[in-house]
1. Identify all residues within region 50-79 that are open to solvent by 70 Å² or more (accessible area, probe 1.4 Å) and either in a helix (DSSP H, G or I) or not charged (D, E, K, R) (or both); write none if there are none.
2. Based on what the data block shows, is residue 102 open to solvent by 50 Å² or more (accessible area, probe 1.4 Å), assigned to a loop (DSSP other than H, G, I, E, B) and at pLDDT 85 or above?
3. Can you name the condition, by its number, that residue 141 falls short on among (1) part of a loop (DSSP other than H, G, I, E, B); (2) open to solvent by less than 90 Å² (accessible area, probe 1.4 Å); (3) modelled with pLDDT of 90 or more?
4. Does residue 32 meet the test of being open to solvent by 50 Å² or more (accessible area, probe 1.4 Å) and hydrophobic (A, V, I, L, M, F, W, C)?
5. Could you identify the single residue in 87, 82 that is part of a helix (DSSP H, G or I) and loosely packed, with under 14 Cβ neighbours inside 10 Å?
6. For the condition under 22 Å from residue 134 (Cα atoms), open to solvent by less than 90 Å² (accessible area, probe 1.4 Å), modelled with pLDDT of 95 or more and not basic (Lys, Arg), what is the one hit in 16, 47?
7. Any residue in region 132-148 that is within 23 Å of residue 49 (Cα to Cα) sitting within a Cβ distance under 7 Å of a residue that is open to solvent by less than 70 Å² (accessible area, probe 1.4 Å) and small (Gly, Ala, Ser)? List the pairs, counting only those 6 or more apart or interchain.
8. Kindly indicate the residue of region 19-29 that is assigned to a helix (DSSP H, G or I) and either modelled with pLDDT of 90 or more or open to solvent by 10 Å² or more (accessible area, probe 1.4 Å) (or both) and also farthest from residue 126 (Cα to Cα) among those meeting that condition.
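The values are calculated or read from the model by the stated rules, or taken from the named source; none is laboratory data. Quantities reported herein were computed from a predicted structural model and do not represent experimental measurements. Note that we place each Cβ from the backbone using ideal geometry, even for glycine, and neighbour counts take in every protein chain shown. Please note that ligands, DNA and RNA were not included when accessible areas were found on the heavy atoms of the full protein model with its side chains. Shrake-Rupley method; radii C 1.70, N 1.55, O 1.52, S 1.80 Å.
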Amino acid sequence: MAKQKNKTNNYQALTLIIGPWKKYIPDYRRKILISEVLNQLVYHENLKIKGYLITKRRVCLILDIEKEHLNHLLKVLYKKVEESAREYIHQSLHPCRLGLWEERPEEEEYESQRLKVFKRCAFTNFFLIDLLLGKKVELGYYNPHVARLKDMVRNYPYCSAGDYRGEMGPVVVAV
């Protein structure tokens, strides 16, 4: 009899540092834009989000996805965020004048004006991962870092572990 794979620990945790385009979109609008794109991926790409945190500078994601599918999904995420950001920026500013897009005349037009969307980093804060997954973090002693994290995720408006008091959060999460 073959062993069943433990699905409760099958997740990919990653941090996406928001690129320089963040300067041209207000914080509240940027968080909404990223939330909308994540929801599109949930409904149209079958993305299963186990936990998330969208801050001013980064997006922390915990995804229920096989490692071999992660790169494809991230390409789709980057493309959709880029399209939404480009649309918003074009409505409010002229991005080429601001130096937001790189100029590479040898490549086709779309690639020459590629928006620097995210920089991917490892997500290694295991306390935060547990909190975003809705798990309790009990250390047996007081840790101010963990106390601050607990308070943040409980009260942060763009977080999977936030206290929405019966309301839906901004991003659909697989429970």
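1. 67, 68, 69, 71, 72, 75, 79 - these are the residues of region 50-79 that are open to solvent by 70 Å² or more (accessible area, probe 1.4 Å) and either in a helix (DSSP H, G or I) or not charged (D, E, K, R) (or both).
2. So residue 102 does not fit the description; no.
3. (2)
4. Yes, satisfied.
5. Details: 82 fails: loosely packed, with under 14 Cβ neighbours inside 10 Å.
From the options 87, 82, the qualifying one is 87.
6. None of the others qualify; the one that does is 16.
7. Close Cβ pairs satisfying both conditions: 132/51; 132/160; 132/161; 133/51; 134/161.
8. 24
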